[in-house]
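S.K.: Supplied in structure tokens, the structure appears directly below.
The values are calculated or read from the model by the stated rules, or taken from the named source; none is laboratory data. Just so it is clear, the model here is predicted, and its values are computed rather than measured. Don't worry about glycine lacking a Cβ; one is built from the backbone with ideal geometry, like all the others, and counts go over all protein chains shown.
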Amino acid sequence: MNLHADQHFHWGALSMNIRAIGPALFLLTLSSACASDSTERRILDSWKGVPVEQVFRQWGLPAAQAKLSDGSTMYEWRHGQNLVFPGSTTGTVNVIGSTAHIHMQTIPPTSFQGECTRSLIADPGGMILEGRSFGNNCCVMAIAGYCASLLNPDAKGAQGNNR
């Protein structure tokens, strides 16, 4: 029996391109939702009017801080996460007479480096005035897991209730 590797992926190339676009579309959706997502806004708003020391106890010390011209202070936290989408190989064998035609399709693994920077601004007395976030990996889904740990547990509505 003779084996021949067939490099012409008529339907396979289309299938591979669609599969390769899937993770990219997912990541694009995550990154575009970050700035306006209500979950992220809810996290930041839960800290308004709270002493910055309470944020430090929950989030840890900031990666950076800066004194602003009006006397307030901006504190910044950064979070990164690497996601890996595994690759795959699929194949079919068509036997015609005594010859096997092998059709292989390989999709390599894809990785994504997600990051989110959160900033809180405190007045000169140390009370949080406002918060901002940006990045491609801010909390865009329901309050659960890591995102739940960012929410002020003492804030009204912190357990999923509407404010």
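S.K.: Residue under question is L83, and the condition is that it be in contact with a strand residue (DSSP E or B) (Cβ under 7 Å, 6 or more places away or on another chain), over 30 Å from T99 (Cα atoms), surrounded by 14 or more Cβ atoms within 10 Å (Cβ to Cβ) and modelled with pLDDT under 90; does it hold?
M.R.: Numbers: in contact with a strand residue (DSSP E or B) (Cβ under 7 Å, 6 or more places away or on another chain): yes; over 30 Å from T99 (Cα atoms): yes; surrounded by 14 or more Cβ atoms within 10 Å (Cβ to Cβ): yes; modelled with pLDDT under 90: yes.
The answer is yes for L83.
S.K.: Let me ask something else. So, W77, is that one at pLDDT 95 or above, surrounded by 14 or more Cβ atoms within 10 Å (Cβ to Cβ) and within 19 Å of N137 (Cβ to Cβ) or not? Before the answer, list the steps.
M.R.: Values: at pLDDT 95 or above: yes; surrounded by 14 or more Cβ atoms within 10 Å (Cβ to Cβ): yes; within 19 Å of N137 (Cβ to Cβ): yes.
So W77 passes the test.
S.K.: Taking the condition of being under 26 Å from S72 (Cα atoms) and at pLDDT below 85, how many residues in the range 121-138 meet it?
M.R.: Qualifying residue count for the region: 0.
S.K.: Residue check, V55 against (1) out of contact with any strand residue (DSSP E or B) (no Cβ under 7 Å at 6 or more places or on another chain); (2) modelled with pLDDT of 95 or more, all met but one. Which one?
M.R.: For V55, the exception is condition (1).
S.K.: Restricting to the range 69-106, name every residue that is assigned to a loop (DSSP other than H, G, I, E, B) and either under 30 Å from M127 (Cβ atoms) or in contact with a helix residue (DSSP H, G or I) (Cβ under 7 Å, 6 or more places away or on another chain) (or both).
M.R.: Within the range 69-106, the subset assigned to a loop (DSSP other than H, G, I, E, B) is 69-72, 86-87, 97-98.
Passing the criteria: S69, D70, G71, S72.
S.K.: Which condition number does A158 fail, the rest of (1) loosely packed, with under 14 Cβ neighbours inside 10 Å; (2) modelled with pLDDT under 75 being met?
M.R.: That leaves (1) as the condition not met.
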